[in-house]
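Engineer: The following block contains the structure, expressed as structure tokens.
The values are calculated or read from the model by the stated rules, or taken from the named source; none is laboratory data. None of these values were measured; they are calculated from a predicted model. Heads up, the Cβs are rebuilt from the backbone with ideal geometry, glycines too, and the neighbour counts pull from every protein chain shown.
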Amino acid sequence: MKKTTSFAIAALMLVQCTVAFCQKSELNNITGVLCAESSVNLPPNSIDVVFICDVYHHFEFPKTTLASIKRALKKHGHMVVSDFERIEGTTKAWTMGHVRAGKEVFRAEIQDAGFTLVDDKQIEGLKENYF
């Protein structure tokens with residue numbers, strides 16, 4: 001229980017710091033929301049873009065989490081995912097043990113949730129991640 005509590009506190013602090021940074025930068029259309037383990041806790045049709053950076057591999061309940069994201073997205077909304085590559089023989093050992101699956105598994109989970117792959121970008125400088 002202690003591990004979960006400290007993670008929740010760290011996540012809450014991250015959300016608070018992000019919101020403070022956005023306000024300081026006069027980005028006034030940003031709202032911080034602390035998600036549950038299986039839901040993004042956002043109202044239906046309330047967001048234009050979801051950006052998931054280096055955290056998709058932490059989704060413990062991808063089906064319900066992705067369903068909540070899909071509900072929260074507006075009709076022509078987009079979800080962008082960047083996460084760590086997990087390629088046997090190429091990826092660092094720590095990452096192999098940390099990331100629960102590779103891009104193909106994550107892509108299948110996302111497409112099974114009703115999302116459509118629009119593009120698979122190769123971004124210069126990203127050596128351990130896909131976008």
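Engineer: Within the set of pairs 6 or more residues apart or between chains, which connect a residue that is over 19 Å from residue 65 (Cα atoms) inside region 10-35 to a residue that is in a loop (DSSP other than H, G, I, E, B) and of a type outside the set (A, V, I, L, M) with Cβ atoms less than 8 Å apart?
Structural biologist: Here the result reads 16/32; 18/32; 19/31; 19/32; 22/28, each pair linking region 10-35 to a residue that is in a loop (DSSP other than H, G, I, E, B) and of a type outside the set (A, V, I, L, M).
Engineer: Taking residue 70, is it among the charged types (D, E, K, R), over 16 Å from residue 83 (Cβ atoms) and either touching a Ser or Thr at 6+ places or on another chain (Cβ under 7 Å) or not assigned by TED's automatic domain parsing to the domain that holds residue 82 (or both)?
Structural biologist: Values: among the charged types (D, E, K, R): yes; over 16 Å from residue 83 (Cβ atoms): yes; either touching a Ser or Thr at 6+ places or on another chain (Cβ under 7 Å) or not assigned by TED's automatic domain parsing to the domain that holds residue 82 (or both): no.
So residue 70 fails the test.
Engineer: Among the candidates 64, 95, single out the residue that is in contact with a Lys or Arg (Cβ under 8 Å, 6 or more places away or on another chain), of a type in the set (Ser, Thr, Tyr) and at negative phi.
Structural biologist: 95
Engineer: Kindly indicate which of 99, 105 is in the same structural domain as residue 56 (by TED's automatic domain parsing) and crowded, with 17+ Cβ neighbours inside 10 Å.
Structural biologist: Working: 105 fails: crowded, with 17+ Cβ neighbours inside 10 Å.
Testing whether each residue is in the same structural domain as residue 56 (by TED's automatic domain parsing) and crowded, with 17+ Cβ neighbours inside 10 Å leaves just 99.
Engineer: Looking at region 50-62, can you tell me whether even one residue there is closer than 24 Å to residue 11 by Cα, hydrophobic (A, V, I, L, M, F, W, C), in contact with a strand residue (DSSP E or B) (Cβ under 7 Å, 6 or more places away or on another chain) and surrounded by fewer than 12 Cβ atoms within 10 Å (Cβ to Cβ)?
Structural biologist: If we filter region 50-62 for residues that are closer than 24 Å to residue 11 by Cα, which is where we start, we get 50-62.
The next check asks that each one be hydrophobic (A, V, I, L, M, F, W, C); those that pass are 50-53, 55, 59, 61.
Then drop every residue that is not in contact with a strand residue (DSSP E or B) (Cβ under 7 Å, 6 or more places away or on another chain), which leaves 50-53.
Next cut, surrounded by fewer than 12 Cβ atoms within 10 Å (Cβ to Cβ) only: 51, 53.
Within region 50-62 (the criterion being closer than 24 Å to residue 11 by Cα, hydrophobic (A, V, I, L, M, F, W, C), in contact with a strand residue (DSSP E or B) (Cβ under 7 Å, 6 or more places away or on another chain) and surrounded by fewer than 12 Cβ atoms within 10 Å (Cβ to Cβ)), the answer is yes, since at least one residue qualifies.
Engineer: Among the residues of region 117-131, which ones are of a type outside the set (Lys, Arg), in a loop (DSSP other than H, G, I, E, B) and within 15 Å of residue 51 (Cα to Cα)?
Structural biologist: From region 117-131, those of a type outside the set (Lys, Arg) are 117-120, 122-126, 128-131; that's our starting set.
Narrowing further to those that are in a loop (DSSP other than H, G, I, E, B): 117-120, 122-126, 128, 131.
The answer is 117, 118, 119, 120, 131.
Engineer: Look at residue 36 and say whether it is closer than 28 Å to residue 122 by Cβ and small (Gly, Ala, Ser). Quick ask: steps written out before the conclusion?
Structural biologist: Details: closer than 28 Å to residue 122 by Cβ: no; small (Gly, Ala, Ser): yes.
For residue 36, the condition - closer than 28 Å to residue 122 by Cβ and small (Gly, Ala, Ser) - is not met.
Engineer: Checking the structure you have, find out if any residue of region 33-55 is in a helix (DSSP H, G or I) and at pLDDT 90 or above. Reasoning before the result, please.
Structural biologist: Going through region 33-55, the residues in a helix (DSSP H, G or I) turn out to be none.
No, that holds for no residue.
Engineer: Given the structure, is residue 65 of a type in the set (S, T, N, Q), surrounded by 11 or more Cβ atoms within 10 Å (Cβ to Cβ) and in the same structural domain as residue 102 (by TED's automatic domain parsing)?
Structural biologist: Working: of a type in the set (S, T, N, Q): yes; surrounded by 11 or more Cβ atoms within 10 Å (Cβ to Cβ): yes; in the same structural domain as residue 102 (by TED's automatic domain parsing): yes.
It is true that residue 65 is of a type in the set (S, T, N, Q), surrounded by 11 or more Cβ atoms within 10 Å (Cβ to Cβ) and in the same structural domain as residue 102 (by TED's automatic domain parsing).
Engineer: Also, I was wondering about something else. Assuming residue 123 fulfils every condition listed in (1) hydrophobic (A, V, I, L, M, F, W, C); (2) more than 16 Å from the chain's Cα centre (by Cα); (3) at pLDDT 95 or above apart from one, which condition is it?
Structural biologist: Failing condition for residue 123: (3).
Engineer: To continue, here is another question. Is it the case that some residue within region 92-103 is within 25 Å of residue 130 (Cα to Cα), part of a helix (DSSP H, G or I) and touching a residue at least 40 places away in the same chain (Cβ under 8 Å)?
Structural biologist: Taking region 92-103 and keeping what is within 25 Å of residue 130 (Cα to Cα), we get 92-103.
Among the residues that remain, those that are also part of a helix (DSSP H, G or I) are: 93-98, 103.
Remaining after also requiring touching a residue at least 40 places away in the same chain (Cβ under 8 Å): 98.
Yes, that holds for at least one residue.
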